[in-house]
Each structure stands twice: as structure tokens, then as C-alpha cells.
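Worksheet: one structure, shown below.
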Amino acid sequence: MDFFEAVEKRHSVRNYSDKEVGEEKLQKILAAIERTPSAGGLRSFHVEVVKDKETKDKLSEQTFGRAGFEAPVLLIFLADLEISASKYEERGRELYCVQDATIAAAYSQLAATALGLSTVWVGAFHEKEVREILGAKENEKPVAIIVLGYGK
């Protein structure tokens with residue numbers, strides 16, 4: 001699938017089959033994320049890959065009843081406020097790292113679509129609780145949860 005076809009076909013899917021996402025496809029998505037542009041080339045974000053049901057259930061409780069967490073994979077994008085602040089001070093802390101994480105999340109959706117997978121972007125969640133569930137540091141800000149799998 002070419003880029004423009006992926007852009008055209010990408011849409012939010014909220015119901016997923018239990019078919020597993022193959023490791024090869026997941027690795028291709030993660031590789032696409034690694035190629036995203038970032039402010040100053042700092043890569044001031046990271047991605048948590050969540051596959052286990054217990055963690056997905058805990059995260060689901062923090063998303064105001066959003067559907068789709070039965071999908072096999074969640075990608076949680078966390079901005080690292082301190083990495084970007086090290087070069088860009090407050091603007092990096094407040095904006096650039098969030099932009100970096102957002103760009104990466106968007107790339108993940110397009111890569112998934114190109115591979116025949118479905119996604120939905122979840123941005124409505126309790127930030128503090130999501131951070132705690134993931135064991136993330138205080139300087140790591142959850143920005144987006146991308147639900148990933150095969151749509152029904």
C-alpha cells in the first residue's frame with residue numbers, strides 16, 4: 001500500500017478481533033516510529049508496548065469507557081519532558097516533546113494501516129493513573145494510547 005492509500009484508508013476502529021498481531025508487523029510499526037522526525041533529533045519520547053490483559057484492563061479503566069482495549073496490542077506514547085528541556089528549556093518541556101510523541105503516534109497509525117491493521121487513537125485518559133500503571137517516571141507524560149489489532 002502506498003502512502004496516500006494508507007492515509008485514505010486509515011480510520012478509527014473501536015471493535016477488534018482477538019487475532020494476534022504478528023511480531024514482524026509489530027516490529028515494522030516500531031521501526032517506522034523510530035524514523036519519525038523530532039525536535040533537535042532528541043527523540044524525546046518512548047513507546048510502551050502492552051499486550052497483557054491485566055495491564056490493558058487497568059488502562060481501560062482510566063479511559064472513560066473507551067472501547068477497543070480487547071485488541072491484542074496497545075502502544076502508549078510518553079513524552080519525556082527532560083530530554084527536550086535539556087536543549088530547548090521550557091518550550092521543549094511543554095511543547096516539543098509532546099509534538100515528538102504525537103508525530104510518532106500518527107506514524108504508527110499510518111504504518112499499521114499500510115500493514116492491514118486497524119487502530120484508534122485514545123487521548124481521553126487519567127494521565128497520572130496511566131503513568132502509575134506503566135511505572136513511568138514523573139517526567140514522562142502519557143500523550144496517546146494507540147489501540148492496535150484487526151478490526152471486526
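None of the figures in this text is laboratory data; all of them are computed from the coordinates on show. Predicted, not measured: the structure shown is a model, and the values here were computed from it. FYI the Cβ positions are ideal-geometry reconstructions off the backbone, even for glycines, and counts take in every protein chain you see.
Run through all the Cα pairs of the stretch 24-98 and give the fraction in each 10 Å bin from 0, expressed as whole percent.
Cα pair-distance distribution for the stretch 24-98, in percent: 18, 36, 32, 14.
Restricting to DSSP loop positions (anything but H, G, I, E, B) with no more than 11 other Cβ atoms inside 10 Å of their own Cβ, which chymotrypsin sites (Phe, Trp or Tyr not before Pro) remain in the stretch 49-89?
Phe64
With unit charges on the beta carbons (Lys and Arg positive, Asp and Glu negative) and the dipole taken about the Cα centre of the stretch 36-152, which residue among Ala124, Ser108, Ser84 sits farthest to the positive side?
Ser108
Please report the orientation-averaged projected area of the stretch 87-152, defined via the convex hull of its C-alpha atoms, in nm².
Mean projected area for the stretch 87-152: 5.5 nm², to one decimal.
Run lengths n ≥ 4 of DSSP H only: what is the helix-derived mean residue ellipticity at 222 nm for the chain, with -39500 (n - 2.57) per run over all residues, to the nearest 500?
It lands at -12500 deg cm²/dmol.
For the stretch 3-149, which semi-axes, largest first and in whole Å, follow from the square roots of 5 times the eigenvalues of its Cα gyration tensor?
24, 19, 12
Would you list Arg43, Arg10 from fewest to most Cβ contacts within 10 Å?
Arg10, Arg43
Among His46, His11, what is the fewest-to-most ranking by other Cβ atoms within 10 Å?
So the residues, fewest neighbours to most, are His11, His46.
So how do Phe3, Phe125 line up by other beta-carbon neighbours within 10 Å, fewest first?
Going from least to most buried by this count: Phe3, Phe125.
Which value, in debye to the nearest 20, describes the size of the charge dipole of the chain about its Cα centre when Lys and Arg Cβ atoms bear +1, Asp and Glu Cβ atoms bear -1, and nothing else is charged?
In debye, rounded to 20, the chain gives about 300.
Can you list the residues, at least 5 places off or on another chain, whose amide H is less than 5 Å from the amide H of Thr119, using H built in the peptide plane?
The answer is His11, Val13.
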